[in-house]
1. Stick to the Cα atoms of the range 32-144, pair each with every other, and give me the Kirkwood hydrodynamic radius in Å at one decimal.
2. Over the range 270-317, what number does the Rg to Rh ratio reach, with both radii from the alpha-carbon atoms and Rh per Kirkwood?
3. If I take every Cα pair under 8 Å that is 6 or more residues apart in the range 62-112, average their sequence separation and divide by the length, what percent do I get for the relative contact order?
4. Take the chain, mark every one of the chymotrypsin sites (Phe, Trp or Tyr not before Pro) that falls in a DSSP loop and has at most 10 other Cβ within 10 Å, then report the longest stretch left between them, sites excluded.
5. What relative contact order, as a whole-number percentage, does the chain give when Cα pairs under 8 Å and 6 or more residues apart are counted?
6. For each of 86, 321, 132, count neighbouring Cβ atoms within 10 Å of the residue's Cβ, then give the residues from fewest to most.
7. Which residues does the label zone of residue 223 cover in the range 287-315, counting backbone N under 19 Å from a point 7 Å along Cα→Cβ?
8. Taking the Cα centre as origin and putting +1 on Lys and Arg beta-carbons and -1 on Asp and Glu beta-carbons, what dipole magnitude results for the range 1-129, to the nearest 20 debye?
Amino acid sequence: MGAYEPLYFHIPEGTLLNPGPDAAVANAPHIGRLVVNSVHSVFARLLYASGECDQCSASHGGSGCTVAFSGPNQWGAVSSDLMGFKQNPEGAGARTDLDGVDAYGFFWANQGRAPDVEDFESRYTFLHLSQKYRIDSCGFGRRRGGSGTYTAWMNYHVPEINALTLGNSSRIPVGGGLFGGYAANVAGNLLLRETSALGGDRRERVTRKARVPTKWVRPRDLESLLRDRNFARHCELRPAQNPPVVLERGDVIVGMNTGGHGYGDVLERSPEDVLQDFQSDLISARTVADIYCVVVDPRTGQVDSAATEARRHQERAKRLKRGVSFSEFEEAWSRKRPPDSALRYFGRWPDGAPLGAVRRG
C-alpha cells in the first residue's frame, strides 16, 4: 500500500468515481485525470502546511487533445491508430523554487510509446508540419508552469481519411495554481480545410499525387493560423472532443495540450524572467504587459525597471481597491449557480449528491 496506507476513501456508489454496472465508462482515463489533479492540489497544501515546502508543487495541466484516425495509408493497407503520445508532453507544475518543466512527459502513460516523426510518417498518411511549444499555455505566477505543446498534422498521401479528436477540459482548466498562481490554459484543436500547403485547386489536390508542401510557414502562435485566410479557406477552433470528419489531402488538424499550473503571485516574478519567457516564445506580449505588468523599452528591447515598478505598484493599489474580505466573497460566491445545462451530470446542487445513475444511451 505504501503512501496509501493511512488513507481511507469513501466513494458513494452511483457517483462518477464509483459508477454502477450500467454506466458509460469508456472515457474513464480522463475522469481519473480529474482526480489526480484534485488530489495533487490537496496534498500540495498539506505538504506546505507541514513544513515540507521544498516538496510542494502545483499540478500538471491535465488536459489535451489528440487525434484518432482510420483509412488507407500510402502503401494501400488499411490503417488505424490513436496518436495518444501527443497528450504526454504537457507542462509540469511550478514549484516553490523553480519553474515547471516544459513539455514534461510521460504523465498519461509512463511506459507509452513515443515514435520518432520519421517512423510515424513512414507508416501513415500524415506529415508532421509543426511541433512546438504553445504560447501562453502555461500557468502564470512567481514561478510559471511548464509550457504545453501543439502538433500540426496534414493528410498528405491519400485523397481522404477519417479522423476524430478526443481529450478533456477544453473549456475549464483541470485544477489550478497554488498560492495565487494562475491555472494553465485550456486546450482544443484547430481544423484547417482547403489549405494552400500543396498548391493547386481542391480537385487537383484530391485526385492527383501529392506534392511536397511548399507554402507551410511555421506560425509563431496558433492565433496567426486562425487569422491567415491565405493559408486555409476554412479554419475552425474546436473543443477537444469531436465526432469523426473526413480529412481531404492537404487538410491540417492541430492538436494541443496544456501547460502546468503556476505558483505564487505574478507580480513577484522577476521581470528579466518574464522577458526571457517572451523571447523564448512561451508567453505573448499581452501577457508580459497585462498579467506580469512588465514594461519593455521599445527602443532597447530590455526591461524598463522604473516603469515596471511603477506599473506593479499601480496594480497592487487596484487589487486593494477591489478586494473584499473572505466572508464577503464567500457570501457572494455561495449565491452563484451554474446554468442547468452545465449541471446535467453533476447531481444535486451544490453538494453533488447523486440524483440517479448515469446510464448508457
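1. 16.4
2. Numbers: Rg = 10.1 Å, Rh = 10.6 Å.
So for the range 270-317, dividing Rg by the Kirkwood Rh gives 0.95.
3. 27
4. Here the longest run is 10-344.
5. Numbers: 788 pairs, mean separation 73.6, N = 361.
Value for the chain: 20 percent.
6. Ordered from fewest to most neighbouring Cβ atoms within 10 Å, 86, 321, 132 come out as 321, 132, 86.
7. Only 287-298 pass the distance filter.
8. Value, rounded to 20: 240 debye.
Read-outs: derived from the displayed coordinates by stated rules, not from any lab. These numbers come from a predicted model, not from an experiment. A quick note on method: Cβ atoms are made from the backbone with ideal geometry, for glycine too, and the neighbour counts reach across all protein chains shown.
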